[in-house]
Amino acid sequence: MRIKHFYYIAFAHTANLSVSVCLSGVKFRGSTLSRQEQCAQFSDRVNQRSEEGDTYPISPMQLPDSQWNRESATPGSQEHDPSPQQVTKRHRKLLKTSPVLRPHSNSSQSPSSPSQESRRRIIRDVCRKYRSNISRTITPHHVSRIYVEDRHKLLYCEVPKAGCSNWKRILMVLAGIANSTREINHVAVHYDNHLKRLDSFDHQGITKRLETYTKVLFVREPMERLVSAFRDKFESPNSYYHPVFGKPIISKYRVNASQAALKTGSGVTFREFMHYLLDVHRPVGMDIHWEAANQLCSPCHLHYDFIGKVETLEEDANFLLRKIGAPENLSYPSFKDGNPKAARTSTQITQHYFSQLNASERQRAYDFYYMDYLMFNYSKPYKDLY
C-alpha cells in the first residue's frame, strides 16, 4: 500500500506553554529559508501568540468532520489566516471567474436543507480559493467564541450584533438555567449567563463536541452589522467604549478636539470611527463587535452545520430549534436587547451612515469585510465597488 508523506510539528509545552520543538521531517513549502531558520520563526510566532493571551494548555488538534455534512480535509501548512485587509483586486478578479460560486444575494431564503447545503458550499468554495494553504490544526483561539449547550448538543459561535444576545437567552433556557427568555435581562445575558465556552474544556472535551455536536453560526450583512455596533457603542452612553475607544479615536482623528471630548471620549462621529477601523496603525485594538465574522468563528477550520442569517433570523432560528429537539414552546425572541427605544439598524439607516464617507472610504470598508461578503453570500452594498 502506498504511504503518503506526512508532516508533523511536535509541540512541547513548557511552563508558559510555548512551542519549542520543530522536528526533522517537517516540510515547509514555498520558502528559501533553512529548516532551522523556519523552525525558529515558527516558534517565535507561537510564543508571541502565547504572550498575547492564547495560552490554553491543550495541544492543537485535527479538525473533525461535520456530523451533518462531511467534507474532505483542506491541505496546507500555514497556521496564520490572511486578514481581510490582504484581499487584493487581483483576488477579487480571480474569484469572480470561478465557476463554482453562486451569485451573491441578500434575498430571503428558506432555512431548509437545500438552502443550508448552498450556504455551506459557498463557504467551502471560498475557503478553497483563499484559505487553501492554512493548517487544519485547531487552536484554542479558533473555538474561543463558541458557547456550549450540552443537553441538546449545540455549539453556537457568538457574532456580536447578529442576534447573539437572544441566542444566549435561548442557550440559557435549553441548559435549564432559566425557564423563559423573557425573564432574562441584559445584565444576566452578558455578565451572569453561566454558559461555558468551548475553549474551557480539555483537548478530549473539545474534540468530542466538535465531532458530535451541531455547530451553529449566525451572520449579518457586514456594513449593517458595523453600523449597528457603532450606534450601540458610541451614540448611547457607555462607560466602557467611550473612554477606552472614544478618547483615543477623538485624540487621533479630530482636529482641534475640545478638552471635554478628549476627557470623556463621547461624541465620536461615524467618519472618525471608520478612520480608526481602517487605520493600519490604530490607536486602540480591535473589538469583537466590529471584527469580521470569519475571523471570530473560523469557518474555514470549523465546518458549521447550520448557517443562519439575521435577514431571516426568526425563520432560521426556529427551524434550527425544531431540528435539535428544543421544547415546542421555545422560539427565538423578537424583542430588542440593547437600547429598546432606538430603531433597529436597517438597510436605509446603514446607507445614511455610509453616505458620510467618500467612494474611496466605502471601498476600503468593503475590502475590510470582503471575506465576509464572499463567504456568506452578501451582495455589494454599492454599485461603484469593485
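Taken together, the values in this text are just the output of simple stated rules run on the coordinates, not laboratory data. Keep in mind the model is a prediction, meaning the values are calculated, not measured. Quick reminder, even Gly has a Cβ in these numbers, built from the backbone with ideal geometry, and neighbours come from all protein chains shown.
Before moving on, here are some points about what is shown:
- Using a Förster distance of 41 Å, the FRET efficiency for Met286-Glu314 (Cβ separation, nearest 0.05): 0.85
- Karplus-derived 3J(HN,Hα) values for the range 269-276, using 6.51 cos²θ - 1.76 cosθ + 1.60 with θ = phi - 60°, are 8, 5, 5, 4, 4, 5, 4, 4 Hz; glycine and proline are entered as x.
- Pair Lys383, Ser132: separation of 7 Å Cα→Cβ label points (nm): 3.5 nm
- Full extension of the segment from Lys323 to Asn179, taken as 0.36 nm per residue of separation minus the current Cα-Cα distance, would add 49.8 nm.
- Annotation: amide H of Val219 within the under-5 Å range of Gly308, Lys309, Val310, sequence separation 5 or more or interchain, hydrogens built in the peptide plane.
- Note on Gln348 and Ala260: their simple-model spin labels are 3.2 nm apart, each label 7 Å out from Cα toward Cβ.
- Phi angles of the range 251-266 translate, via the Karplus equation with coefficients 6.51, -1.76, 1.60 and θ = phi - 60°, into HN-Hα couplings of 4, 8, 10, 9, 7, 6, 5, 6, 5, 5, 5, 5, 7, 9, x, 7 Hz per residue; Gly and Pro are given as x.
- Cα→Cβ-extended label distance, 7 Å offset, between Lys208 and Lys336, nm: 4.3 nm
- Normalised by residue count, the range 230-321 yields a Cα convex hull volume of 128 Å³ per residue.
- Residue by residue, the range 184-189 carries 3J(HN,Hα) couplings of 9, 7, 4, 5, 4, 5 Hz when phi is fed to the Karplus relation 6.51 cos²θ - 1.76 cosθ + 1.60 (θ = phi - 60°); x denotes Gly or Pro.
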